[in-house]
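For reference, the structure is listed below as structure tokens.
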Amino acid sequence: MNWIALTDEEQLDTIREKSKQTPQLIFKHSTRCSISSVAKNRLEKGLQPEGVDFYYLDLIRYRGISNKISSDFDVFHQSPQVLMIRNGECVYDESHSGISMNDIEEEAAKQ
């Protein structure tokens, strides 16, 4: 898994811009939550779809970025949570045990 650390709010502008060419995925992870760790492990055991950038947000450390994601992409905050950004908008989000690499692959293929 090639995680890109999401550590700065300005990266959200980059994600939005890059999503006009290729899907961008944000994984919001709580380092204090066992369910979040299970979801992260499931993703890491899967095969990352080609052409999709995977961003990793430690939402405990970067709570402000997590809040901005919820606001910018008009999604209710959950943890763990994945968001697929395409053409500047969140087109898919899932949380907890619903997080699945198969579903991410299907969504990425819709382009």
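Each reported figure results from applying straightforward, stated rules to the coordinates on display, with no laboratory input. All values reported here derive from a predicted model rather than from experimental measurement. All Cβ positions, glycine included, derive from the backbone under ideal geometry; neighbour counts span all protein chains shown.
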Just how large is the dipole of region 3-109 about the Cα centre, in debye to the nearest 20, putting +1 at every Lys and Arg Cβ and -1 at every Asp and Glu Cβ?
420 debye
Per DSSP H run of n ≥ 4, the term is -39500 (n - 2.57); total these for the chain, divide by its residue number, and report the mean residue ellipticity at 222 nm rounded to 500 deg cm²/dmol.
-10500 deg cm²/dmol
Along the charge dipole of region 3-109, which of G98, S36, T7 sits closest to the positive end, that is, farthest toward it, with unit charges on the beta carbon of Lys, Arg, Asp and Glu (+1, +1, -1, -1)?
S36
So, over other residues within a Cβ distance under 15 Å of Q11, counting Lys, Arg +1 and Asp, Glu -1, the net charge is -3
Within straight cross-link reach of K68, meaning Cα distance under 28 Å, which lysines are found once same-chain residues fewer than 8 apart are removed?
K18, K20, K28, K40, K110
